[in-house]
Amino acid sequence: MSDIPRAVIFHEEGPREGLQIEKQIFPLSERIELVNALGETGLSQIQVGSFVNPKAVPSMADIDQLFAGITPRKDVRYTALWLNEAGFRRAMSTQNVDISAFLMLYTTDALSQRNNNCSVANMQQRQRQWVQLYQDAGKPIESAYIVTAFGCNLQGEVPLSVMMDSVRFIVDLSLEHGFPLPRIMLADTVGWANPEEIKRRVGAVREAYPEAKLGLHLHDTRGIGAANFFAALQMGVDLFDSSVAGLGGCPFANHANSHGAGNICTEDMVFMCEEMGISTGVDLDRLIEAALLAERMFGRSLTGKLMHAGRPKRAPLRSAMQQTSLN
């Protein structure tokens, strides 16, 4: 018996993940149009961009103007990423940013050094400072990301025990500082996961910490993102980061989105859920329109499948759960 959830939530990351690795700087008006289009789809959360060093990520140099230019909906959270206190402070003072406080841990020194100029141990110490920063600002910690939870191109295999050390650190930190255990997000940052490893690692966290809520940040670097997504559904995971039209990808994944290495595609995964009778609250037709808008904006064919193939002209299949409730 599987534990497929009745409903799944998607956190859209295309406007950040998709744009930050592009060499091209897209006009502000086009980026605002994309965010606004995604806001009309029923998605509950959209990560608009990053408050990071503009010299390192030029595409995010005008992030303040991007947030100020969108037309926010009351039922949508418009969130951002930051990597240090300065970025958090900028996000706090920017119009239309919904602060979704998070922690970020790494499993390998190699990627931690590349992204943050510090070791895994030093990054853990920084998270203690982040906790105090969030608590002083009155912002609850909603999620804790474990980067390269499945493997790392720069360092290789990540043993399950190493990933679990990061999970244990999150749990201990919440107890030490007296905040509720945040949702633990296992990130397949450079596409090392496979369906069996998804089940193994999700199962290990569930067995050790049954009270923990889990989510996944999956990439389609090696073409099995949808299979990994389905395996996670079978394990009862009900929250996923994803990107419209399959945008995004880690710059350390050997190849970027122009070669098909983006995040799992939001509309494709929503379609899978719809076909299985799983509720998402997303208007799939509007989401496809947003994906096509992104493709016109990028000026090349993007990696989403449904946006090109279209929806089949038939009623979606009912899940076994729904069939049972009807009988």
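Can you find even one residue in segment 173-191 that is closer than 30 Å to R296 by Cα, in contact (Cβ under 8 Å) with a residue 12 or more places away in the chain and aliphatic (A, V, I, L, M)?
Yes: one or more hits.
Just one of (1) open to solvent by less than 50 Å² (accessible area, probe 1.4 Å); (2) part of a loop (DSSP other than H, G, I, E, B); (3) charged (D, E, K, R) trips up E17, so point out which.
Here E17 clears every test but (2).
Taking into account only those residues within segment 111-131 that are of a type in the set (A, V, I, L, M, F, W, C) and part of a helix (DSSP H, G or I), which is most open to solvent (accessible area, probe 1.4 Å)?
A121
Which residues, counting only those in segment 83-104, are assigned to a loop (DSSP other than H, G, I, E, B) and either touching a Lys or Arg at 6+ places or on another chain (Cβ under 8 Å) or within 17 Å of Q129 (Cα to Cα) (or both)?
If the condition is that a residue be assigned to a loop (DSSP other than H, G, I, E, B) and either touching a Lys or Arg at 6+ places or on another chain (Cβ under 8 Å) or within 17 Å of Q129 (Cα to Cα) (or both), then L83, N84, D98, I99, S100 are the ones that fit.
For segment 20-43, enumerate the residues that are hydroxyl-bearing (S, T, Y) and surrounded by fewer than 15 Cβ atoms within 10 Å (Cβ to Cβ).
Correct list: S29 only.
In segment 285-303, what residues are closer than 15 Å to C265 by Cβ and either open to solvent by less than 40 Å² (accessible area, probe 1.4 Å) or not β-branched (V, I, T) (or both)?
Hits for segment 285-303 are L287, I288, E289, A290, A291, L292, L293, A294, E295, F298, S301, L302.
Show me the strands (runs of 3 or more DSSP E) found entirely inside segment 152-258 where at least 3 residues are closer than 27 Å to T41 by Cα and aliphatic (A, V, I, L, M).
Correct list: 183-187.
With respect to N96, is the statement that it is out of contact with any Pro (no Cβ under 8 Å at 6 or more places or on another chain) and open to solvent by 20 Å² or more (accessible area, probe 1.4 Å) true?
So N96 does not fit the description; no.
Does segment 132-144 include one or more residues that are assigned to a strand (DSSP E or B), of a type in the set (A, V, I, L, M) and modelled with pLDDT of 95 or more?
yes
One residue is enough: does segment 9-18 have a residue meeting the conditions touching an Asp or Glu at 6+ places or on another chain (Cβ under 9 Å), among the charged types (D, E, K, R) and at pLDDT 95 or above?
yes
Scan segment 140-177 residue by residue and report those that are open to solvent by 60 Å² or more (accessible area, probe 1.4 Å) and under 20 Å from the mean Cα position of the chain (by Cα).
P140, E142
Consider D3 against the criteria (1) part of a loop (DSSP other than H, G, I, E, B); (2) surrounded by 14 or more Cβ atoms within 10 Å (Cβ to Cβ); (3) more than 15 Å from the chain's Cα centre (by Cα): it satisfies all of them except one. Which criterion is unmet?
Result: D3 fails condition (2) only.
Per-residue answers, yes or no, for (1) assigned to a helix (DSSP H, G or I); (2) within 19 Å of Y145 (Cβ to Cβ); (3) of a type outside the set (V, I, T):
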position	(1), (2), (3)
E30	yes, no, yes
L34	yes, no, yes
L38	yes, no, yes
G49	no, yes, yes
P54	no, no, yes
S59	yes, no, yes
L81	no, yes, yes
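What are the pairs with Cβ atoms under 9 angstrom where one residue, in segment 75-93, is of a type in the set (D, E) and the other, located anywhere, is assigned to a loop (DSSP other than H, G, I, E, B) and at pLDDT 95 or above? Sequence gap at least six, or different chains.
Between residues of segment 75-93 that are of a type in the set (D, E) and residues that are assigned to a loop (DSSP other than H, G, I, E, B) and at pLDDT 95 or above, the close pairs are D75/G42; D75/S44.
Restricting to segment 51-69, give me the number of residues that are among the hydroxyl-bearing types (S, T, Y) and surrounded by 23 or more Cβ atoms within 10 Å (Cβ to Cβ).
0
For segment 194-203, state whether one or more residues are out of contact with any Lys or Arg (no Cβ under 8 Å at 6 or more places or on another chain) and crowded, with 24+ Cβ neighbours inside 10 Å.
The answer is yes, given that some residue of segment 194-203 is out of contact with any Lys or Arg (no Cβ under 8 Å at 6 or more places or on another chain) and crowded, with 24+ Cβ neighbours inside 10 Å.
The values are calculated or read from the model by the stated rules, or taken from the named source; none is laboratory data. The structure displayed is predicted, hence computed values, not measured ones. Glycine also receives a Cβ, built like all others from the backbone with ideal geometry; neighbour counts cover every protein chain displayed. Note: areas computed on protein heavy atoms with side chains; ligands, DNA, RNA excluded. Shrake-Rupley method; radii C 1.70, N 1.55, O 1.52, S 1.80 Å.
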